[in-house]
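Okay, structure first, notes after.
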Amino acid sequence: MKKTIAALAVLLAATLPAMAQPKADDHAAHHAPAAADMSEGEVRKVDKGAGKITLKHGEIKSLDMPPMTMVFGVKDPALLDQVKPGDKVLFKAVNEAGKFTISNLQVVK
């Protein structure tokens, strides 16, 4: 029993430092929007003139919002150039003075 415990202690001591080391790709992930902050949706309509997008979306946890289809404004109108109806997207929505706005939008490939 003591040998088993000693062997496990040695294995644990050898494993912990390697687990604590950041991976080479962790740096890029640190600067990308966290997937946990993003919600899934499908583009239903793009209205570039009005700077709006209609999304059928899943739950938006950050806004405590259930799944539905709704119209959002966009922070940057250039985001609308990246999407078309039918595209699956990840997006970040924020509530700015009572208006739901898309601050980040990425097409899922």
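Please treat every number below as a calculation from the coordinates, not as lab data. Quick caveat, the model's predicted, so the values are computed rather than measured. Don't worry about glycine lacking a Cβ; one is built from the backbone with ideal geometry, like all the others, and counts go over all protein chains shown.
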For K88 and D47, calculate 0.36 nm times their separation in residues minus their Cα-Cα distance, and state this gained length in nm to one decimal. 13.1 nm
Once fully extended, how much extra length lies between F100 and E59, figured as 0.36 nm per residue of separation less the alpha-carbon to alpha-carbon distance? 13.4 nm
Once Lys and Arg are counted +1 and Asp and Glu -1 for all other residues with Cβ under 10 Å from that of L80, the total becomes 0
Put in order of increasing Cβ neighbours within 10 Å, starting from the fewest, E40, E96 give E96, E40
With Cβ to Cβ distances under 14 Å as the rule, what net charge do the other residues near D47 carry (K, R +1; D, E -1)? +4
